[in-house]
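*Asks:* Just dropping this structure here.
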Amino acid sequence: MMNSNTQQPRPAVVLLSGGLDSATALAIAKNEGFTCHALSFDYGQRHRFELEAAHRVGERLGVAEHVTIPIDLRKFGGSSLTADIDVPKDRDEESMSAGIPSTYVPARNTVFLSLALAWSEVLKSFDIFIGVNAVDYSGYPDCRPEFIEQFQKTANLATKAGVDGEGTFQIHSPLIHLTKSQIIKRGIELGVDYSLTHSCYDPSPEGVSCGHCDSCQLRQRGFQEAGLTDPIRYQSQ
């Protein structure tokens, strides 16, 4: 953590989806003393509830600014989040870990991190936070440590700031080796209000979580294992 008596707060770009993980990553960045610039994407996802959640979380945690960039990934499709493909429901743990599900959005984190990198260079920031997790996740290849490590190398090769030696870009993924319950406990310690977040892939028209998609199941299990009550509503309740 930075010593506020000897250093000015450094800017960081934080990818903020509105979900549980990104909210926790933002809280960690704030706790480490960074001035946080939140970045969200309106990418043609199935619903806008997560974007509304992202703005609630950003406001509550006091980001310096919050930018939402429109990118129409529905033009490509290829995912049940960006095309008319059914979202998988009621899958057991074995099924979730068996392969890459249809909710994977092709190259999404590569696209998002690239734009975060561009904004970081403008802000003269060398720190980017992303809430990816490689333990309790749905098999996405762009949530693995190998991907983060390679993107960090790319960031320092592909930018004027990196080539000119102005600094070294670091992609912070503080949740990558944590279980969902560990993430939740850390967020609670840092004062994250998880009632503001949204995780469901296929909510009702009113924004109530389905309770059956992979994301809902992983979230519910995380709260159960943490010995806590999930503060959001589910359709089955």
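*Asks:* If you take every DSSP beta bridge whose two residues both sit in the chain, what share of them, in percent to the nearest 5, is antiparallel?
*Replies:* 5
*Asks:* Under the 0.36 nm per residue contour assumption, what length would be gained going from the current alpha-carbon distance of Glu52 and Val135 to full extension?
*Replies:* Extending this stretch completely gives an extra 27.2 nm.
*Asks:* Enumerate the calculated ³J(HN,Hα) couplings along the range 159-164 in order (Karplus 6.51 cos²θ - 1.76 cosθ + 1.60, θ = phi - 60°), each rounded to whole Hz, writing x wherever the residue is Gly or Pro.
*Replies:* 10, 4, 4, x, 5, 7
*Asks:* Dipole magnitude of the range 26-116 about its Cα centre, charges +1 at Lys/Arg Cβ and -1 at Asp/Glu Cβ only, in debye to the nearest 20?
*Replies:* 240
*Asks:* FRET efficiency for Trp119 and Gln170, Cβ-Cβ distance as r, R0 = 25 Å, nearest 0.05?
*Replies:* Computed FRET efficiency for Trp119 and Gln170: 0.95.
*Asks:* Please compute the length gained on full extension between Asp86 and Leu190, using 0.36 nm multiplied by the number of residues separating them and subtracting their Cα-Cα distance.
*Replies:* 33.9 nm
*Asks:* Can you compute the FRET efficiency between Glu149 and Val67 using 1/(1 + (r/R0)^6), with r the Cβ-Cβ distance and R0 = 30 Å? Round to the nearest 0.05.
*Replies:* Plugging the Cβ-Cβ distance into 1/(1 + (r/R0)^6) gives 0.70.
*Asks:* At 222 nm, what value in deg cm²/dmol follows for the chain if DSSP H runs of at least 4 each add -39500 (n - 2.57) and the sum is divided by all its residues, to the nearest 500?
*Replies:* Result for the chain, helices only: -10500 deg cm²/dmol.
*Asks:* Identify all lysines with a Cα-Cα distance to Lys185 below 19 Å; exclude those on the same chain that are fewer than 8 residues away in sequence.
*Replies:* Those lysines meeting the cut-off are Lys30.
*Asks:* Under a 1.4 Å probe, what is the accessible area of the range 1-73 per residue, stated in Å²?
*Replies:* 45
*Asks:* Give me the 1.4 Å probe accessible area per residue for the range 98-237, excluding ligands and nucleic acids, in Å².
*Replies:* 45
*Asks:* Report, in degrees rounded to the nearest 10, the 0 to 90 angle that the Cα long axis of helix 145-158 makes with the longest principal axis of the chain.
*Replies:* Around 40 degrees separate the two axes.
*Asks:* Normalised radius of gyration for the range 88-156, please: alpha carbon Rg relative to 2.2 N^0.38 Å, two decimal places.
*Replies:* 1.30
*Asks:* Of the labelled options (1) 1.09; (2) 1.05; (3) 0.99, which one gives Cα Rg over 2.2 N^0.38 Å as computed for this structure?
*Replies:* This structure yields the entry labelled (3).
*Asks:* In angstroms, what radius of gyration and Dmax does the range 164-234 have, counting Cα atoms only?
*Replies:* Answer for the range 164-234, Rg first and Dmax second: 15.4, 51 Å.
The values are calculated or read from the model by the stated rules, or taken from the named source; none is laboratory data. Please read these numbers as outputs of a predicted model, since none were measured by experiment. Every residue, glycine as well, gets a Cβ built from its backbone with ideal geometry; the counts of neighbours run over all protein chains shown. Protein only, heavy atoms only, side chains kept; ligands, DNA and RNA dropped before computing areas. Shrake-Rupley method; radii C 1.70, N 1.55, O 1.52, S 1.80 Å.
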